[in-house]
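J.: Take a look at this one; I'll ask things after.
The values are calculated or read from the model by the stated rules, or taken from the named source; none is laboratory data. These figures come from a predicted structure and were not determined experimentally. As a convention, Cβ positions derive from the backbone with ideal geometry for all residues, glycine included, and neighbour counts pool all protein chains shown. When the accessible area is computed, the model is the full protein with side chains, heavy atoms only, and any ligands, DNA or RNA have been set aside. Shrake-Rupley method; radii C 1.70, N 1.55, O 1.52, S 1.80 Å.
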Amino acid sequence: MAFWKPGTEKPSFEEDGEGGIVFMSNNLASSSSSSYGYANIEKQRQRLPVYKYRTEILYLVENHATTIIVGETGSGKTTQIPQYLKEAGWAEGGRVIACTQPRRLAVQAVSARVAEEMGVNLGDEVGYTIRFEDQTTSGVTKVKFLTDGVLIREMMEDPLLTKYSVIMIDEAHERSISTDILLGLLKKIQRRRPELRLIISSATIEAKTMFNFFNPSKKRHAPEGIAPGPKLEPAILSVEGRGFSVKIHYVEEPVSDYIRSVVSTILLINEREPPGDVLVFLTGQEDIETAIKLLEEEAHSNQNNSSGLLPLPLYSGLSRSEQELIFTPTPRGKRKVILSTNIAETSLTLEGVVYVIDSGFSKQKFYNPISDIESLVVAPISKASARQRSGRAGRVRPGKCYRLYTEEYFLNQMPGEGIPEMQRSNLVSTVIQLKALGIDNILGFDWPAPPSPQAMIRALEVLYSLQILDDDAKLTSPTGFQVAELPLDPMISKMILASSELGCSDEIITIAAVLSIQSVWIIARGVQKEQDEAKLRFAAAEGDHVTFLNVYKGFLESKKPSQWCYKNFLNYQSMKKVVEIRDQLKRIARRLGITLKSCDGDMEAVRKAVTAGFFANACRLEPHSNGVYKTIRGSEEVYIHPSSVLFRVNPKWVVYQSIVSTERQYMQNVVTINPSWLTEVAPHFYQNRQNARSF
DNA sequence: GAGCACTGC
């Protein structure tokens with residue numbers, strides 16, 4: 001394969017705005033084992049790039065309602081800015097400084113580091129809150145780290161977030177749904193609380209979007225000098241990072257098969273480049289396995305080129321022990337080749353990577369509001385992602401990134417930033433969160449990226465059909481308010497509320513906990529038959545939901561749960577999470593006045609409760625067909641997923657939890673129902689429907 | 001007889 005070698009006169013790296021590529025210092029990871037004295041920590045703090053800007057940052061925060069900090073990871077902004085604010089007095093008088101992160105692990109890691117730097121116990125002056133874990137002390141905690149989802153939840157108790165003096169939204173460029181909701185809400189709060197300060201931390205490419213969003217339009221602008229308080233126009237400050245340069249190579253001609261190109265690039269690196277691990281970005285498990293197979297074939301046919309290569313897959317579905325292989329040190333004379341999904345783009349940091357190969361693609365979620373189906377599609381990545389990927393090559397020393405697309409494509413065709421998740425998702429949860437916060441005009445809400453009206457309307461329709469919203473699109477009482485309290489998909493929440501009346505809430509909250517995680521099964525490769533047999537031990541004729549009850553029961557009764565899970569092809573981590581979520585749901589249910597009651601094996605009650613939440617997903621088997629179902633709502637052709645216990649059983653009437661859209665549209669988590677229940681639990685939805693006559 | 005980018009409350 002031919003790569004364009006960047007010439008000295010034309011460092012493409014600078015041109016595409018990547019001058020500031022930097023990486024995290026090791027501080028974060030190594031902090032727990034360190035025994036540095038205070039003086040040492042102080043010196044380390046002063047060496048961080050952000051330190052030079054301390055005074056400037058404090059000045060801007062003092063004088064501007066919103067400050068946008070542009071800085072790559074490694075500048076120290078996340079750990080240092082909250083400390084500067086505290087030192088400057090922003091946490092005095094009982095006020096709290098907040099800093100949000102998109103991920104739980106980041107919240108824990110960063111808060112631990114900051115507590116150590118400040119020489120305090122985590123949970124006292126510095127604390128954190130994530131779901132299931134509150135390490136803060138009211139009245140004592142002054143600097144608080146939390147996930148952005150938790151901050152949104154806090155707004156339901158305290159809509160103006162009155163205890164916070166400064167709120168820093170970190171990693172805002174990732175544009176998760178939670179971050180975007182938060183940005184929209186904070187902009188509203190600002191108008192009511194001029195004393196509140198916001199800090200938005202973003203990558204270069206999103207900074208302008210953030211500026212425009214927070215910049216009030218001229219006409220509404222209060223005359224300067226008369227209005228007290230900070231300037232409303234946001235300030236932007238750019239902080240360089242710390243790291244090594246990464247040379248970018250492009251292909252000369254577009255590649256037709258990126259997996260083959262990946263393999264030949266790996267061989268090229270192995271042949272020509274000095275030692276250093278390789279990180280490859282591919283789209284999913286299938287790509288990764290194909291590439292590894294090709295590499296192994298190469299190893300057999302051409303010993304020279306591929307000698308010393310150690311291919312390792314990395315994606316979220318791997319078990320913990322399989323993922324840990326990635327972190328073992330590279331054996332002498334070997335070269336690790338990590339073939340990863342975009343889990344390595346944000347969530348995981350790998351040491352020792354010097355070479356990155358970027359396929360230019362990733363799997364992305366898209367939502368079709370007409371069919372109400374979300375699907376995963378392989379799509380080209382954005383420049384922002386490309387930059388993030390190449391950055392992974394420069395953590396330990398100057399690195400190289402091989403992009404499997406042309407420079408022309410990168411410069412002129414690749415989109416600058418990805419489509420925000422908000423515009424690619426089903427919005428029922430988003431809408432209900434806003435409604436719970438008293439925001440009635442959903443369609444007119446000021447979003448950083450407004451979702452399509454069709455998606456909004458679809459969400460309102462679904463919530464109306466669930467009787468969570470009324471004719472005026474207001475939360476119903478008590479159902480709507482109760483659903484908003486539950487941290488679940490509204491259909492699952494509705495199922496829980498129904499179970500209270502049907503006398504099976506004990507069983508249903510177990511099902512709710514299982515439905516709200518990815519999967520309880522491990523991904524077993526090459527042992528499919530054994531896994532199927534294991535599944536059969538739990539299988540219930542009523543369907544997957546009842547099967548989950550059997551799994552949960554077995555887990556509780558097992559003496560050695562970890563081994564028991566392994567034996568039954570169940571994911572131990574997932575099962576522990578089910579228990580945790582179940583406990584939380586139990587607490588909330590009690591608060592909502594739902595008493596836990598078991599139906600003692602009456603599975604009809606359980607199936608009815610499921611139907612009460614998922615009636616909109618009812619399907620009927622087409623007569624004389626081989627497993628073809630039609631949805632009652634839209635007459636879409638769907639099939640039972642082969643992973644379901646009802647696969648090939650094909651009962652006449654079912655409801656499903658979700659659809660996965662691949663070659664066919666497959667229903668996941670399926671339970672048998674009696675069609676008369678549909679009009680019973682959702683008369684408003686099924687009466688007067690054309691399809692009502694079919695049963 | 002098929003397939004699971006990634007988070008989060």
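J.: So A:Val378 passes all but one of these: (1) outside the structural domain of A:Asp257 (by TED's automatic domain parsing); (2) within 18 Å of the chain's Cα centre (by Cα). Which condition number does it fail?
T.: (1)
J.: From the residues in region A:53-71 that are under 25 Å from A:Ala115 (Cβ atoms) and in contact (Cβ under 8 Å) with a residue 60 or more places away in the chain, which one is most open to solvent (accessible area, probe 1.4 Å)? Don't jump to the end; show me each part of the working.
T.: Applying the first criterion (under 25 Å from A:Ala115 (Cβ atoms)) to region A:53-71 yields A:53-55, A:57-58, A:61, A:67, A:69, A:71.
Filter once more, keeping what is in contact (Cβ under 8 Å) with a residue 60 or more places away in the chain: A:53, A:57, A:61, A:67, A:69, A:71.
Values: A:Tyr53: 43, A:Ile57: 1, A:Val61: 1, A:Thr67: 0, A:Ile69: 1, A:Gly71: 7 Å².
Filtering first and then ranking leaves A:Tyr53.
J.: Hey, A:Gln364 hits all of (1) touching a residue at least 12 places away in the same chain (Cβ under 8 Å); (2) farther than 30 Å from A:Val638 by Cβ but one; which does it fall short on?
T.: Single failed check for A:Gln364: (2).
J.: Name the single residue that is farthest from A:Tyr409 (Cα to Cα) among those in region A:317-346 being within 16 Å of DNA strand B (Cβ to nearest atom) and of a type in the set (A, V, I, L, M).
T.: A:Leu325
J.: Additional query: Test each condition in (1) surrounded by 17 or more Cβ atoms within 10 Å (Cβ to Cβ); (2) touching a residue at least 40 places away in the same chain (Cβ under 8 Å); (3) closer than 25 Å to A:Ser505 by Cα for A:Thr595 and report the one that comes out false.
T.: The failed condition is (1).
J.: Please give the number of the condition A:Glu322 fails out of (1) surrounded by 15 or more Cβ atoms within 10 Å (Cβ to Cβ); (2) under 16 Å from A:Ser359 (Cβ atoms).
T.: Status for A:Glu322: all satisfied but (2).
J.: I'm checking my understanding of the structure. Among residues of region A:109-149 that are under 18 Å from the mean Cα position of the chain (by Cα) and under 23 Å from A:Ile588 (Cβ atoms), which one is most open to solvent (accessible area, probe 1.4 Å)?
T.: Here the answer is A:Arg131.
J.: Would you mind stating whether A:Phe410 is open to solvent by less than 10 Å² (accessible area, probe 1.4 Å), in contact with a helix residue (DSSP H, G or I) (Cβ under 8 Å, 6 or more places away or on another chain) and at pLDDT 90 or above? Show your work before the answer.
T.: Numbers: open to solvent by less than 10 Å² (accessible area, probe 1.4 Å): yes; in contact with a helix residue (DSSP H, G or I) (Cβ under 8 Å, 6 or more places away or on another chain): yes; at pLDDT 90 or above: yes.
It is true that A:Phe410 is open to solvent by less than 10 Å² (accessible area, probe 1.4 Å), in contact with a helix residue (DSSP H, G or I) (Cβ under 8 Å, 6 or more places away or on another chain) and at pLDDT 90 or above.
J.: On the basis of being more than 20 Å from A:Val61 (Cα to Cα), open to solvent by 10 Å² or more (accessible area, probe 1.4 Å) and among the hydrophobic types (A, V, I, L, M, F, W, C), does A:Ile177 make the cut?
T.: Working: more than 20 Å from A:Val61 (Cα to Cα): yes; open to solvent by 10 Å² or more (accessible area, probe 1.4 Å): yes; among the hydrophobic types (A, V, I, L, M, F, W, C): yes.
Yes; evaluated as a whole, the condition is true for this residue.
J.: Still on this structure, please answer the following. Out of all the residues in region A:289-306, is one or more within 16 Å of DNA strand B (Cβ to nearest atom), within 23 Å of the chain's Cα centre (by Cα) and either among the aromatic types (Phe, Trp, Tyr) or buried (at least 19 other Cβ atoms within 10 Å of the Cβ) (or both)? Show your work before the answer.
T.: Here is the first cut: in region A:289-306, the residues within 16 Å of DNA strand B (Cβ to nearest atom) are A:289-293.
When the remaining residues are screened for being within 23 Å of the chain's Cα centre (by Cα), the result is none.
So far as region A:289-306 goes, no, none of its residues is within 16 Å of DNA strand B (Cβ to nearest atom), within 23 Å of the chain's Cα centre (by Cα) and either among the aromatic types (Phe, Trp, Tyr) or buried (at least 19 other Cβ atoms within 10 Å of the Cβ) (or both).
J.: Among what's in region A:467-488 and is surrounded by 20 or more Cβ atoms within 10 Å (Cβ to Cβ) and closer than 17 Å to A:Ala682 by Cβ, pick the residue that is farthest from DNA strand B (Cβ to nearest atom). Give the derivation first.
T.: Here is the first cut: in region A:467-488, the residues surrounded by 20 or more Cβ atoms within 10 Å (Cβ to Cβ) are A:468-469, A:475, A:480, A:482-484, A:486, A:488.
From what's left, closer than 17 Å to A:Ala682 by Cβ: A:468-469, A:480, A:483.
Values: A:Ile468: 15, A:Leu469: 18, A:Gly480: 15, A:Val483: 11 Å.
Taking the candidates together, the pick is A:Leu469.
J.: Looking at A:Ala512, is it within 11 Å of DNA strand B (Cβ to nearest atom) and buried (at least 24 other Cβ atoms within 10 Å of the Cβ)? Spell out how you get there, then give the answer.
T.: Details: within 11 Å of DNA strand B (Cβ to nearest atom): yes; buried (at least 24 other Cβ atoms within 10 Å of the Cβ): yes.
Judged against the criteria, A:Ala512 is a match.
J.: If you take the residues in region A:347-361 that are farther than 16 Å from A:Tyr402 by Cα and touching a Lys or Arg at 6+ places or on another chain (Cβ under 8 Å), which one is farthest from DNA strand B (Cβ to nearest atom)? Lay out the reasoning, then the answer.
T.: Applying the first criterion (farther than 16 Å from A:Tyr402 by Cα) to region A:347-361 yields A:347-352.
From what's left, touching a Lys or Arg at 6+ places or on another chain (Cβ under 8 Å): A:347, A:349-352.
On the way: A:Ser347: 4, A:Thr349: 12, A:Leu350: 14, A:Glu351: 18, A:Gly352: 20 Å.
Checking each candidate, the answer is A:Gly352.
J.: Among the residues of region A:3-13, are any modelled with pLDDT of 50 or more and open to solvent by less than 30 Å² (accessible area, probe 1.4 Å)? Working first, answer last.
T.: The initial filter retains those residues of region A:3-13 that are modelled with pLDDT of 50 or more, namely A:3-4.
Those left that are additionally open to solvent by less than 30 Å² (accessible area, probe 1.4 Å): A:3.
Yes, region A:3-13 has at least one match.
J.: Moving on to the next point. I need the full set of residues from region A:61-72 which are outside any helix (DSSP H, G or I) and either of a type outside the set (Ser, Thr, Tyr) or in contact with a Cys (Cβ under 7 Å, 6 or more places away or on another chain) (or both), in order please.
T.: Selection gives A:His64, A:Ala65, A:Ile68, A:Ile69, A:Val70, A:Gly71, A:Glu72.
J.: Which of the following residues is in contact with a Phe, Trp or Tyr (Cβ under 8 Å, 6 or more places away or on another chain) and closer than 25 Å to A:Glu273 by Cα: A:Ile357, A:Ile343, A:Ile326, A:Ile292? Walk me through how you get there before you give the answer.
T.: Details: A:Ile343 fails: closer than 25 Å to A:Glu273 by Cα; A:Ile326 fails: in contact with a Phe, Trp or Tyr (Cβ under 8 Å, 6 or more places away or on another chain); A:Ile292 fails: in contact with a Phe, Trp or Tyr (Cβ under 8 Å, 6 or more places away or on another chain).
Every option except A:Ile357 fails the conditions.
J.: Would you confirm whether any residue within region A:245-255 is surrounded by 15 or more Cβ atoms within 10 Å (Cβ to Cβ), of a type in the set (Ser, Thr, Tyr) and within 16 Å of DNA strand B (Cβ to nearest atom)? Show your work before the answer.
T.: Taking region A:245-255 and keeping what is surrounded by 15 or more Cβ atoms within 10 Å (Cβ to Cβ), we get A:245-251, A:255.
Going one step further and asking which of them are of a type in the set (Ser, Thr, Tyr), we end up with A:245, A:250.
Checking which are within 16 Å of DNA strand B (Cβ to nearest atom) leaves us with none.
No, there is no match, as no residue in region A:245-255 is surrounded by 15 or more Cβ atoms within 10 Å (Cβ to Cβ), of a type in the set (Ser, Thr, Tyr) and within 16 Å of DNA strand B (Cβ to nearest atom).
J.: Of these, A:Lys293, A:Lys334, which one is within 24 Å of A:Glu271 (Cα to Cα), out of contact with any strand residue (DSSP E or B) (no Cβ under 9 Å at 6 or more places or on another chain) and not acidic (Asp, Glu)?
T.: Values: A:Lys334 fails: out of contact with any strand residue (DSSP E or B) (no Cβ under 9 Å at 6 or more places or on another chain).
Every option except A:Lys293 fails the conditions.
J.: Scan region A:263-281 and give yes if some residue there is open to solvent by 80 Å² or more (accessible area, probe 1.4 Å), outside the structural domain of A:Ala65 (by TED's automatic domain parsing) and within 16 Å of DNA strand B (Cβ to nearest atom), otherwise no.
T.: Going through region A:263-281, the residues open to solvent by 80 Å² or more (accessible area, probe 1.4 Å) turn out to be A:271-272, A:275.
After this cut, where a residue has to be outside the structural domain of A:Ala65 (by TED's automatic domain parsing) as well, the list is A:271-272, A:275.
So of that shortlist, the ones also within 16 Å of DNA strand B (Cβ to nearest atom) come out as none.
No, that holds for no residue.
J.: Got a sec? Which helices (runs of 4 or more DSSP H) wholly within region A:511-590 have at least 1 residues that are outside the structural domain of A:Gly613 (by TED's automatic domain parsing), out of contact with any strand residue (DSSP E or B) (no Cβ under 6 Å at 6 or more places or on another chain) and in contact (Cβ under 8 Å) with a residue 12 or more places away in the chain? Explain how you work it out, then say what you get.
T.: Working: elements: A:528-536, A:544-557, A:561-567.
In region A:511-590, there are no helices (runs of 4 or more DSSP H) which contain 1 or more residues that are outside the structural domain of A:Gly613 (by TED's automatic domain parsing), out of contact with any strand residue (DSSP E or B) (no Cβ under 6 Å at 6 or more places or on another chain) and in contact (Cβ under 8 Å) with a residue 12 or more places away in the chain.
J.: I would also like to ask the following. If you go through region A:476-483 one residue at a time, do you hit one that is of a type in the set (Ser, Thr, Tyr), outside any loop (DSSP other than H, G, I, E, B) and either at pLDDT below 95 or in contact with a helix residue (DSSP H, G or I) (Cβ under 7 Å, 6 or more places away or on another chain) (or both)?
T.: yes
J.: Another question about this same structure. Among the numbered conditions (1) within 16 Å of DNA strand B (Cβ to nearest atom); (2) closer than 20 Å to A:His249 by Cα, tell me where A:Gln364 comes up short.
T.: (2)
J.: Which condition does A:Val579 not pass, out of (1) within 16 Å of DNA strand B (Cβ to nearest atom); (2) of a type in the set (Val, Ile, Thr); (3) over 29 Å from A:Phe481 (Cβ atoms), if it passes all the others?
T.: Every condition holds for A:Val579 apart from (3).
Every residue, every condition in (1) in contact with a Pro (Cβ under 9 Å, 6 or more places away or on another chain); (2) of a type in the set (Val, Ile, Thr); (3) within 16 Å of DNA strand B (Cβ to nearest atom); (4) in a helix (DSSP H, G or I), yes or no:
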{"site": "A:Tyr59", "(1), (2), (3), (4)": "no, no, no, yes"}
{"site": "A:Gly74", "(1), (2), (3), (4)": "yes, no, no, no"}
{"site": "A:Gly94", "(1), (2), (3), (4)": "no, no, no, no"}
{"site": "A:Ala106", "(1), (2), (3), (4)": "no, no, yes, yes"}
{"site": "A:Ala115", "(1), (2), (3), (4)": "no, no, no, yes"}
